[in-house]
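Report on one structure; see the data block that follows.
The values are calculated or read from the model by the stated rules, or taken from the named source; none is laboratory data. What you see is a predicted model, and the numbers here were worked out from it, not measured in a lab. Quick reminder, even Gly has a Cβ in these numbers, built from the backbone with ideal geometry, and neighbours come from all protein chains shown. The area values use the complete protein model at the heavy-atom level, side chains included, leaving out ligands, DNA and RNA. Shrake-Rupley method; radii C 1.70, N 1.55, O 1.52, S 1.80 Å.
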Amino acid sequence: MEIKTKRLILRSMTLDDIGDIYEYSKNIKLSQYMYHRRTGELKQIVDYVNENINQDINGNKDSFTLSIVLEGKVIGEVALLFFKEGIEIFWIISDIYQGFGYAYEASSAFIEYVKNNMNIQMISAHCDTRNIASKKLIEKLGFKYIGEDDRIYPDDRKPSREYSYEMIIK
């Protein structure tokens with residue numbers, strides 16, 4: 001699968017993506033607010049990419065991830081988690097490419113793809129309350145604020161709070 005924007009290509013992951021993804025995933029601070037934190041270990045990235053190669057967006061997996069490519073370099077990922085009630089969107093952008101609108105451009109294109117090609121009634125987005133950049137991006141994308149709740153991470157991080165948003169697809 002491939003989605004082209006003005007500056008980016010969103011495409012299915014390949015084994016060639018491992019080096020770029022590992023490069024930005026070594027900065028574990030980058031994923032400090034992600035539910036499933038990156039450890040900065042190469043094996044974790046190799047396993048992750050292998051799990052996401054050749055996914056089918058209409059398949060039976062519980063998630064679907066695309067690499068975000070700028071001028072031949074993977075600078076991040078945008079992904080969907082599938083639930084009975086709808087889907088959740090999330091993203092990660094290499095720290096050296098943050099602040100240039102790439103997350104907005106990639107997420108907007110992915111949301112448009114979902115609206116036009118999938119039978120989905122609702123897209124949700126969540127972020128740790130300390131992740132101000134993601135909160136701003138979610139709101140810029142047009143999600144409606146639903147509330148705040150506890151966020152319990154599946155590792156050794158302390159519990160936090162999270163913002164919840166949704167976008168109704170008509």
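A few remarks follow.
- Lone qualifier among Arg161, Arg130, Arg151 - being over 18 Å from the mean Cα position of the chain (by Cα) and either among the charged types (D, E, K, R) or within 16 Å of Ser108 (Cα to Cα) (or both): Arg161
- Residue within the stretch 1-19 that is among the aliphatic types (A, V, I, L, M), closer than 24 Å to Tyr153 by Cβ and open to solvent by less than 50 Å² (accessible area, probe 1.4 Å) present: no
- Ala125 meets each of the listed conditions (1) open to solvent by less than 30 Å² (accessible area, probe 1.4 Å); (2) at pLDDT below 85; (3) in contact with an Asp or Glu (Cβ under 7 Å, 6 or more places away or on another chain) apart from (2).
- Filter result for Phe64 (under 13 Å from Leu10 (Cβ atoms), open to solvent by less than 20 Å² (accessible area, probe 1.4 Å), not aliphatic (A, V, I, L, M) and not in a strand (DSSP E or B)): no
- In the condition set (1) aromatic (Phe, Trp, Tyr); (2) free of Cβ contacts under 8 Å to residues at least 60 places away in the same chain; (3) open to solvent by 30 Å² or more (accessible area, probe 1.4 Å), Tyr113 is compliant with all but (2).
- Residue check for Val78: modelled with pLDDT of 95 or more, farther than 23 Å from Ile168 by Cα, β-branched (Val, Ile, Thr) and not in a helix (DSSP H, G or I): no
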